[in-house]
Each structure stands twice: as C-alpha cells, then as structure tokens.
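This report concerns only the one structure given below.
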Amino acid sequence: MTTVHDHDNQGLDPEHGQRPDPGQDHNPYRDPDRGERLAPLVAVADSALLGARTIQLLRRLDAWTASLDTPVRPQVAEMAALALASAAPESTAGELLTAAMSVVWAQVTDDGFDVNARTIDDVEDLIEGCRQAARGGAPRPGQPGEQMLSSLAAHLRSTDPEPELEQLWLRRLDRMLEGCRFEWTTAHAHAAGGAPTTLPEYLAHHHSVGFTTICAAWWTSGGQILLPHLDRLSDAADHFETAIRLANDQRTSHREQLEGSAINAALLGADAAWIHHQIRAHLDAGHTLITELAATLPQARHLGRVANWLVGLYQITEPRLAS
C-alpha cells in the first residue's frame, strides 16, 4: 500500500480546529424552502484550516486509489474529505485517512450492488467476497470493492487496534452488507410487481448507508479510552445513520423513482413532512446520547459534527450528481 507522510501537516495550529463546532447545534436540520441557514459563517482562519485539511486528505486518497488502480467518482472522495475535515479539523490528515478510505470503499461497494449485481447470486458473491477481504482474505482480480477493502483492512490493522474495536468494525461491516442485500432484494421484488416492504422494516436496515461502518473504522485508532463508551457511541451512530438514510432518500427519491434502481422511504409512502420530522427526531436522539461525552471525548464531538454535516449536505445536493 502506498505510504503517505505527515510532513504536509506541519505549520498548522490544531487549536484552530476547535472552531467552529457544528456539533453544538443539536437540531441542524433546516427546511431549505424556507431559506434557513445551514450553519453560522466561519472566520477566514477557520475556513483556511478546513480547506488545508481537505486538500491534504484528498492527496492521500488520490495516492491510495492510484496505488490500487481502482476508478473512483471524484465527487465521493471530495465529499469524504470535506465531511471529515469539517467534523474533525483538529485531526491530522493521517488520522482521518482510515475513515476517508472507508467512505470511498462504501461508495464503490454500493455501486457494486446497484449497478453490477444482476442476480441474487451476484449479491451473495459480493457479500462473501467483502467479508473475506475484511478478514484478511486475498481479493479476487476484477473485484474493486474487495481490493479496496483488503487494502483498508491492512491499513486499519497497521495501527494495532484494540481487539474490541476491530470486532466492532467487522460486525458493523457485516450489518452494512446485510442491509445492502435487503435493499437489493426488496427493490427487485418491487420492480417485479411484488409487495413493497414496510417503512419500519426498511428503516431497520439503515445500516446499508455505511455510516456506522465508517465510524467504527474511524474509532479503531481510538485506543482503550473508547472501550467504556462504545455502546453509547454506537447507539448514537445508529440514530444518526437513520437520519442520514432519510435525508438521502428525500434528496434522491425523484431520481431513483425514475431509474427504478432502489427502494426508498418516499416510495414506501413517507411524505416530506414525516421524513423531516423523523430526521430531526433521530438527530436529537443521537445528540442527547453523546452530549456529556462530547465535553471530554473527541470521537463523540466528531460523530455529532459529521452527522450534522451529512444531513446538511443532502438538503442541497447528493455527491453523485452536480446538482
């Protein structure tokens, strides 16, 4: 795997990364039709730091994907770098790399299900290949998701994570893949004229978004200090992932209904008001769980900030499109 050095982080004062703190806004979801602002304006020094962190992280992602010779949508890498730099500007690019790699891998894998999988056998093959690659198995030629995941897993283990943190990542990865299977089978059954699933069942499979898998990968470098807080962090991440799932659905439902490519909350009968309410409720629930932790635990602050950022993004656009 390509090694990228930390020299480009020198000269930046990480203390500036403490401002602004979007994680303090426990209810950032706004109705864009009412013209409400997504976040307060930031000082030039803060925006310069965010820009620098984003550039540094993009360099590392570019070096990584180039080493694998795997095509990646540039918008996805850009979104990963922007989201993570905004959530944790006090972190170095090296400290954010595992999470950024996870974002890129998750999108490549999502494309594998949405675009390349034609039969349920394709789906099961994709799932098993990813599960093996995450656990040290050799990736198969012509399988970009496996190649990326194998490289990601090697990078993750190079930090010598606590066993509990690595096991959490593997469990969350398996849940994500199971959620992707559910979405694929449900969407294809609906397209064939079968009865759609229910909203509660659909939202119970929110792990297909990959947010909690990405967070678990990010936490692997957190050390023993995280162990007493994993249940609370994970529960909060589940609420945030549900909010992100719904925000994504609200943004992409029109395109997906035209394409017939996926199942979503709107297709299952949820209207805009219900989705809006549920997003706010899940954001509030997640922030309530980590409010006390956020005062002393950076990972809790980062979790709340990145959830807010992603929900805010989907109010305006989706990373796959230039809209």
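The values are calculated or read from the model by the stated rules, or taken from the named source; none is laboratory data. Just so you know, these numbers come straight off a predicted model, no measurement behind them. Virtual Cβ from ideal backbone geometry, glycine too; neighbours counted across all protein chains shown. For accessibility, only protein heavy atoms count, side chains too; no ligands or nucleic acids. Shrake-Rupley method; radii C 1.70, N 1.55, O 1.52, S 1.80 Å.
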Note to self: Quick check on region 244-253. Is at least one of its residues open to solvent by 50 Å² or more (accessible area, probe 1.4 Å) and modelled with pLDDT of 95 or more?
What the structure shows: no
Item checked: Matching residues in region 93-140 - criterion: being among the small types (Gly, Ala, Ser), in contact (Cβ under 8 Å) with a residue 24 or more places away in the chain and not in a helix (DSSP H, G or I) -> Ala117
Check: Going through region 29-65 one residue at a time, which ones are modelled with pLDDT under 95, charged (D, E, K, R) and open to solvent by 50 Å² or more (accessible area, probe 1.4 Å)?
Finding: Arg30, Asp33, Arg34, Glu36, Arg37, Asp62
Note to self: within 18 Å of Gly312 (Cα to Cα), assigned to a helix (DSSP H, G or I) and either aromatic (Phe, Trp, Tyr) or more than 12 Å from the chain's Cα centre (by Cα) (or both): is that true of Ala237 in this structure?
What the structure shows: no
Notebook entry, point to check: Can Ala187 be described as touching a Leu at 6+ places or on another chain (Cβ under 7 Å) and in contact (Cβ under 8 Å) with a residue 24 or more places away in the chain?
Noted result: no
Next item on the list: Give the number of residues within region 171-201 that are buried (at least 21 other Cβ atoms within 10 Å of the Cβ) and of a type in the set (A, V, I, L, M).
Entry: 4
Margin query: With the structure loaded, tell me whether Glu90 is open to solvent by 30 Å² or more (accessible area, probe 1.4 Å), closer than 23 Å to Val209 by Cα and touching a residue at least 12 places away in the same chain (Cβ under 8 Å) or whether it fails that test.
Written below: no
Check: In region 66-85, how many are surrounded by fewer than 22 Cβ atoms within 10 Å (Cβ to Cβ) and in a helix (DSSP H, G or I)?
Finding: 8
Notebook entry, point to check: Scanning region 265-279 for residues that are part of a loop (DSSP other than H, G, I, E, B) and in contact (Cβ under 8 Å) with a residue 60 or more places away in the chain, which turns out nearest to Leu203 (Cα to Cα)?
Noted result: Ala265
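Looking at the structure I just gave you, is Thr296 over 20 Å from the mean Cα position of the chain (by Cα), of a type in the set (Val, Ile, Thr) and not in a loop (DSSP other than H, G, I, E, B)?
The answer is no for Thr296.
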Checklist line | Subset of region 104-126 (residues that are under 13 Å from the mean Cα position of the chain (by Cα), open to solvent by 20 Å² or more (accessible area, probe 1.4 Å) and either of a type outside the set (D, E, K, R) or modelled with pLDDT of 95 or more (or both)) | finding: Gln107, Val108
